[in-house]
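What follows is one structure encoded as structure tokens, with my remarks underneath.
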Amino acid sequence: LFTSTFFSLFAFGAAIILLLRYRNWRYGFFAASTAVVAALLLGRYSATLFTGDWRWTIGRGETDVGSVGLSALAMIAVVFLERLINHQIKTEQALELPRYSVDRAAILAFWIGKDGRIVDANEWACECLGYSKEHLLTRTAHDIDKLQSKAAWNSHWEKLKNSRSLCYESKYRTFAGPLFSVDVTATYFEFDKQEYCVAFAQDITERKRQEQALEYQA
């Protein structure tokens, strides 16, 4: 009975620690819930505890094998879930740095679907184009790229798909209307059985201005 009590209290203690440990409450909730449910499965021990039959059990010298076994399983579940969650957190943290860097890079980044719809964009793209993130994700590539059109998009996509990558110069249209020159590098890829491209665009307005000034001087 002492062993069973020890394991059960240890399970509940582990649940509380897991709940408080993770900044992501979703992980903490699932970890703690697993520990609590596993501890509550101690059927024979729980019956002994709540019916007040402690003396009867001890007096007869019985060993609650079932509750001890379930307590051990509770500990195994907690340890397994702890390792699983730690692995998931490390995976997500590994992805956070690249995304954080792309969001703050001084380059416009767009993730575009086969139909031309913009499915994601970084913060610099939103700032340069004058869109909110929510509004930009309702637009298409031909809404912002002057060289693209709804009719020409399919042929552009097939060319990109066949070559896997394209580099070209274009002009992007801001939300307010003005255009600015960009160098675009678009790369085709497949993800989760869907076709996408990622386009990185660099504002070259100043470079174009300098080129025009040199031409004028010449």
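The values are calculated or read from the model by the stated rules, or taken from the named source; none is laboratory data. The structure displayed is predicted, hence computed values, not measured ones. Because the Cβ atoms are built from the backbone with ideal geometry, glycine has one as well, and the counts that use them run over all protein chains shown. Remember, those area values only see protein heavy atoms, side chains included, never the ligands or the DNA or RNA. Shrake-Rupley method; radii C 1.70, N 1.55, O 1.52, S 1.80 Å.
Before moving on, here are some points about what is shown:
- With R₀ fixed at 35 Å, the C-beta to C-beta distance from Ser163 to Gln217 puts the FRET efficiency at about 0.40.
- Unit charges at the beta carbon, dipole of the stretch 174-218: most positive-side option, Phe200, Gln212, Val182: Gln212
- The length gained on full extension between Ala152 and Asp103, counted as 0.36 nm times the residue separation minus their Cα-Cα distance, comes to 14.7 nm.
- Partners of Lys114 within straight-line reach, counting lysines whose Cα lies under 27 Å from its Cα and excluding those fewer than 8 residues away in the same chain: Lys133, Lys146, Lys150, Lys159, Lys161, Lys171, Lys193.
- Accessible surface of Val182 - all protein chains present, 1.4 Å probe, nearest 10 Å²: 0
- Whole-Hz ³J(HN,Hα) from phi, Karplus 6.51 cos²θ - 1.76 cosθ + 1.60, for the stretch 147-163, glycine and proline x: 6, 9, 8, 4, 6, 8, 5, 4, 5, 5, 5, 5, 5, 5, 5, 6, 8
- Exposure of Glu211 as accessible area (Å², to 10), given a probe of 1.4 Å and all protein chains: 80
- Residue-level accessible surface for Arg207, protein heavy atoms, 1.4 Å, Å²: 100
- Lys114-Glu190 pseudo-label distance in nm [points 7 Å out on the Cα-to-Cβ vector]: 1.0
- Which of His135, His142 is most accessible, then next, and so on - probe 1.4 Å: His135, His142
- Tensor-based shape of the stretch 88-213 (alpha-carbon gyration tensor, a/c under 1.5 rounded, otherwise prolate or oblate): oblate
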